[in-house]
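Take a look at the structure below.
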Amino acid sequence: MTRTTRMTALAVAATVAGGLLVTTAAVPAGADIVLGSSIAEVTIGQRPAEVRELKGKPRKVTKRRDSDLGENLKVWQYGKNGRRLDITFYRREVVEVRTQSRKQRVYPYDIGAGSTKAEIQAKLRADLQCFDRSKSVEECWTAFTDPGERSSWFRLRDGVVYMTAVMVGLY
C-alpha cells in the first residue's frame, strides 16, 4: 500500500472528529493537519518504522511517565522552537502528534498556531470544550476522548493558539 493510499484509508477511518465530518474527497494526501487523524502526514496508529520512513531520524527521543497509565510514553521530537513536531508513542503506536508550527494548518479550515479562539470557534462551528490551565493558558478540545476515540486540541496563550494536536484517548 502506498503512503498516499494509506493516508486516504486512514482519513476514511477518522471520519468523525469531535462532531466534524471529514470525508475522503475533502482530504488530499499531504494535508497539513486532519482533525482527529494526522499532522504533517504522521497519523494516529502508525508504528515507529513508518514514522521513521516518513520523517527520518528524530532530533531527540525522550520518555515521559503517564501517571494515569502508570507507564512510560516515548516522544520523538523533530524540528526546533516554533517549527517543532512532537510524536508520542504508546505500546509502539502513535497516540499523539503535536505541532507549534504556524505553517501547519487544519485542512480545510486554515486554522492552527497563530489563530485566535474566536477564529477556531467560528471556523469549526462545533462546540469546543475549553478550560483554563492557568491565568494565560487555555485548552480547547473538539471532544474529550474516551479510550480509543480520536480528538484534536488547541492550546492557547492569551487567546492565541500556540500548539495544535491530534490524539487518541488512552483511558
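The values are calculated or read from the model by the stated rules, or taken from the named source; none is laboratory data. Note that this is a predicted model, so its numbers are computed, not measured. Cβ sites come from the backbone with ideal geometry, for glycine too, and all protein chains shown count toward neighbours. Accessible surface areas use protein heavy atoms only, side chains included; no ligands, DNA or RNA. Shrake-Rupley method; radii C 1.70, N 1.55, O 1.52, S 1.80 Å.
In nm², what is the average projected area of the convex hull enclosing the Cα atoms of the stretch 58-131? Please report the intermediate quantities before stating the final value.
Values: hull surface 25.7 nm².
Mean projected area of the Cα convex hull: 6.4 nm².
When ranked by the protection proxy of mean other Cβ atoms within 10 Å per residue, highest first, what sequence do the peptides 158-170, 95-107, 61-73 form?
Details: 158-170: 18.5, 95-107: 20.2, 61-73: 11.0.
Highest to lowest by the protection proxy: 95-107, 158-170, 61-73.
Dipole size in debye (nearest 20) for the stretch 74-171 around its Cα centre, Lys and Arg Cβ +1, Asp and Glu Cβ -1? Write out the running numbers ahead of the final one.
On the way: 18 positive and 12 negative charges, 108 e Å.
With only Lys, Arg, Asp and Glu charged at Cβ, the dipole is about 520 debye.
How far is it, in nm, from the label point at D132 to the one at V160 when both lie 7 Å from their Cα along the line to the Cβ?
Result: 2.1 nm between the two label points.
Carbon and sulfur together cover what percent of the accessible area of the stretch 33-171 at a 1.4 Å probe radius?
Accessible surface attributable to carbon and sulfur in the stretch 33-171 totals 43 percent.
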